[in-house]
Each structure stands twice: as structure tokens, then as C-alpha cells.
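A.B. asks: Structure below; questions to follow.
The values are calculated or read from the model by the stated rules, or taken from the named source; none is laboratory data. Note that the coordinates shown come from a computational prediction; the quantities given were computed from them, not determined experimentally. Note: ideal-geometry Cβ built from the backbone for every residue, glycine included; neighbour counts use all protein chains shown. For accessibility, only protein heavy atoms count, side chains too; no ligands or nucleic acids. Shrake-Rupley method; radii C 1.70, N 1.55, O 1.52, S 1.80 Å.
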Amino acid sequence: MERAARTPVWARQTRGGGRGPQPSLSVDRIVESAVALADTEGVDAVSMRRVASELGVGTMSLYRYVETKDDLLDLMTDQVMGEALTTPDDPALGWRFRLRALALRYRQVMLRHPWAVQITATRPPLGPNVLRNTERLLATLDGLGLTIEQMSALSGTVVSYVRGAVVSEIAEAEVARRTGQTEDEYRATVGPYLMQVLAQGRHPLLARFVHEVDDALGPADMFEQGLDWVLDGVGDAVERLVVSGGR
């Protein structure tokens, strides 16, 4: 049996004024506690019962403020997305500077709250911070002669790069946590086997990569290098679309 669709939590009146509300509770305090729990133990650890325990109140007390766990997850996601609203937003700075700043900040936010990556990748909650972020993202390419569809597609390409890079960083951190091995320790373990395979000559390009690529770049530098390449592509696309009249 399919569940009935629910209107967004922001379209419903915030609860908390019903019978016997806890004076020490508020929606903001509940959300902050849930975010802290998800950051330290993962989103699967978040339940109404666990959050109530963290706050030192009965589980039913939470339902006077937040109706469901789905509502809580939406509120949590929108709260952390508010952390991205700190980048320069002056059109005089140019589209590339502003779009790059948004991408860098988005990466920081997602690494700080890795549980939010998958939620925002599919059907992000349409809370005030998510909507403001979307507006700011589109605004970076406004006024260049692009259609709104092109503005959305090009800025979305940058966001997709950020999300993909962050997912890889989070996955590496999770593997290190689960195995107890750092990246360097893992390479030391598999290195002899890989050198033996490459010495057979069946993978010449992979051998070139292993022997020639400098590993001096850390994750942040590698991310920025890739981001600049993506932005180069966006710039080329903007120029081509504007010259061709949007075709």
C-alpha cells in the first residue's frame, strides 16, 4: 500500500504549542541535536527515540514539534544547506568567481555532513535554504544571454562534479575507518602485487600512470584542479551558446 504524499513540512504550521509542550524544546534545538548525531554516527542512527534521548526528554515530546522522521530529515538537510549561503554574491565579481566559490563551499559543507549528500542528490527538500541556494546558483550565470534551461544545465554540471568528487572522498574515509588502513598503508600492501602485474606489459597506460603521476596533490588541490577544468568547459559552452543564439 502506497503512502499518501505529504506536503512539505514548511507548508504546515510548526507544532509545539499543543498540550503540555516542553519549555526546553524547540524545532531548532531538535534539529541541531539530530544533525550532531548524524554527523558523528551517521544518519541511520537518527530516530525520534534516539534524538529524544540525546535531549533528555520523552520521545512523544518531539512529536509536538516535528511530526515524522521524514520531516526531521528534511529540516536537518535544509539547516546544513544554510551553511553554504556564505559565499560572495556580487555580480561584479563575475560568474566564474561566484560559481567557483559556491562549489568550494558546497564541498566543505558536504564533507562536514556526509549523510546529506545522498539526500540532496535525489529529491532535496524544498526548504528556505535549499531554495535560496538554488536561486544563488542560477544567478551566477544570469545576464550572460543564456536561457534559464541552459543556466540550470551548466550550473548543475558543476554541482554534479562537486557531488561526485565528495562521494569519492567520503567513500575513501569510510574505507579507512572500516579497514583501519590509510591510503598510504593500502598502497604499500597492494604495491608489490600491482608492480608484478604491470611488469607483464599488458597494461602500458596504467603503468605510465603509476610511474609518472605525481601524488603530491592532496584531495583539496585535486578537487580545485578538476573544478577549474569543469569551469573552463562551462566558459566554452557559454561562449558558444551566446554566439550561436542559444542553439
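A.B. asks: Measure off 7 Å from each Cα along the Cα-to-Cβ vector at residue 232 and residue 24, then give the distance between these two points in nanometres to one decimal.
C.D. replies: Result for the modelled spin labels: 5.7 nm.
A.B. asks: Moving to a separate point now. Which label belongs to the value computed from this structure, given these candidates for Kirkwood radius over Cα pairs in Å: (i) 20.8; (ii) 18.2; (iii) 21.3?
C.D. replies: So the calculated entry is the one marked (iii).
A.B. asks: Residue by residue, what Karplus-based ³J(HN,Hα) values in Hz, rounded to whole numbers, does segment 7-12 have, using 6.51, -1.76 and 1.60 with θ = phi - 60° and x for Gly and Pro?
C.D. replies: Result, ordered by residue: 5, x, 4, 6, 8, 10 Hz.
A.B. asks: Next up: State the percentage of accessible surface on the chain attributable to carbon and sulfur atoms; use a 1.4 Å probe and exclude ligands, DNA and RNA. Please report the intermediate quantities before stating the final value.
C.D. replies: Numbers: 8250 of 15040 Å².
Reported share for carbon and sulfur atoms: 55 percent.
A.B. asks: Rounded to the nearest Å, what's the spacing between the alpha carbon centres of segment 23-94 and segment 196-214? Just the number, please.
C.D. replies: The distance from the Cα centre of segment 23-94 to that of segment 196-214 comes to 48 Å.
A.B. asks: Kindly report the accessible area of segment 187-243 per residue (heavy atoms of protein chains, probe 1.4 Å, no ligands, DNA or RNA), in Å². Could you put the intermediate results ahead of the total?
C.D. replies: Working: 4150 Å² over 57 residues.
Here the per-residue accessible area is 73 Å².
A.B. asks: Next up: Tell me, what is the per residue accessible area of segment 143-184 in Å², probe radius 1.4 Å?
C.D. replies: Numbers: 2420 Å² over 42 residues.
Each residue of segment 143-184 exposes 58 Å² on average to a 1.4 Å probe.
A.B. asks: Just check segment 113-247 against the gyration tensor rule for me: Cα atoms, a ≥ b ≥ c as the square roots of the eigenvalues, rounded for a/c under 1.5, and otherwise prolate or oblate depending on whether a/b exceeds b/c. Each step should come with its number before you reach the end.
C.D. replies: Values: a/c = 3.48, a/b = 1.67, b/c = 2.08.
Oblate shape, in that a/c is at least 1.5 and b/c is the bigger or equal ratio.
A.B. asks: Continuing with the same structure: Most mobile of 164, 82, 143 per a Gaussian network model of the chain (Cα springs, under 10 Å)?
C.D. replies: 143
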